[in-house]
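These notes concern the structure reproduced below.
Any read-out appearing in this document is the output of simple, stated calculations on the displayed coordinates, not a laboratory observation. What you see is a predicted model; the values in this text were computed from it and never measured. Backbone-built Cβ (ideal geometry, glycine too); neighbour counts: all protein chains shown.
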Amino acid sequence: MRSATGVVYEADNATLGPASYYVTREQRWAVSNVGLPSGSRNPEYITNFVTYIPNTRDPEMYQSSRVSAGSLRYYSSGLENGGYNITLQFGNLAFKDFDIRKEGIYGPSISALSVSPGEFLGLETRPYTFTYAQLRAATDDFSTANKLGEGGFGTVYKGKLEDGRVTAVKLLSVASRQGKSEFLAEIETISAVQHRNLVKLYGCCIEGNKRLLVYEYLENKSLDHQALFGIGSFFLVWHMRFDICLGVARGLAYLHEESRLRIVHRDVKASNILLDTQLNPTQNSRILAWPSLGILLRNMMRGHLTVKADVFGFGVVALEIISGRANSDPNQEEDRVYLLEWV
């Protein structure tokens, strides 16, 4: 039968003994039973319910239950390694006055079960998952006061988890049209690259159409926000500027040549380079912006994207760090508005 939610259930009508098993004709699943109820006259180990089950869209599903005195196990074949969601349906619990002691039924008793793939099935490394409620509480309901930035892929908020960790929570925009499969592929890619000059991913959240990524929070934000062009900019001596360039170069070299997956960042710019409280970019400058893996693969297949794009972006950032000015500054004289043309 097919349930109201679209799940297909196959009948389990086999006659089981006190120590027996049964495999379906399609060999997709099997059931085994162990145990002999005292004084039982129920050789099929099935209990039927004639009472109508209220408050359910599939009342026929709960008309019978498989029972066992000791061990009742279900097996499925051909499953891929990974996590699955298992849903158990108990028909007898639908009765308001059901008392297992009075019914004379003991041991496992189940009306239906279903198995569906988990969110991260197929991923080599399963990321830590947060609930939407946790991240909503951490960001004070995504308060504008906690807003760190906004881009084409979503909005980033500052958040504080229950364990005290301060994080950057990226709420992906629905307008980005990034599907679930692309989102999971992106998580797998980010999780596969670990380097001191790449931002650390703490976990993610998938609930309905909500997609969120949780990163470590770096207190001094992006390079362009305060360190170079912001109000009250830090005084960066030359060795600090050199260290920032070196940290970014190390991160890109890892992505291009050293990581298991060869990755083109695609968006190297000052706003995507983060600094920690110590302004020690050699150890802690991070690259934050991660484009959709689907976009990366599509552009690479069409020949539109190579490591040269990142090298060019790095060159622009290096010029900005050395000169102390943005790539484009309309307040400059006409021949100096664009940094590259001026240089």
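Quick rundown of the values:
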item	result
Calculated FRET value between ARG28 and MET1, using beta carbons and R₀ = 22 Å, to 0.05	0.90
Whichever lysines have a C-alpha closer than 16 Å to that of LYS147, once near sequence neighbours (fewer than 8 apart) are set aside	LYS158, LYS160, LYS170, LYS221
Cross-link reach list, lysines versus LYS308, counting only Cα pairs under 26 Å and skipping chain neighbours closer than eight places	LYS200, LYS269
Whole-number D in µm² s⁻¹ for the stretch 119-217, Kirkwood Cα-pair radius fed into Stokes-Einstein, 37 °C, 0.692 mPa s	239 µm²/s
Order of ILE46, ILE263 under a 10 Å beta carbon neighbour criterion, fewest first	ILE46, ILE263
Additional length obtainable on full extension of the chain from THR144 to ASN48, 0.36 nm per residue less Cα span	28.9 nm
Residue-span extension gain [ASP163 to THR87] - 0.36 nm each, minus C-alpha spacing	24.3 nm
Pair THR56, LEU246: separation of 7 Å Cα→Cβ label points (nm)	6.8 nm
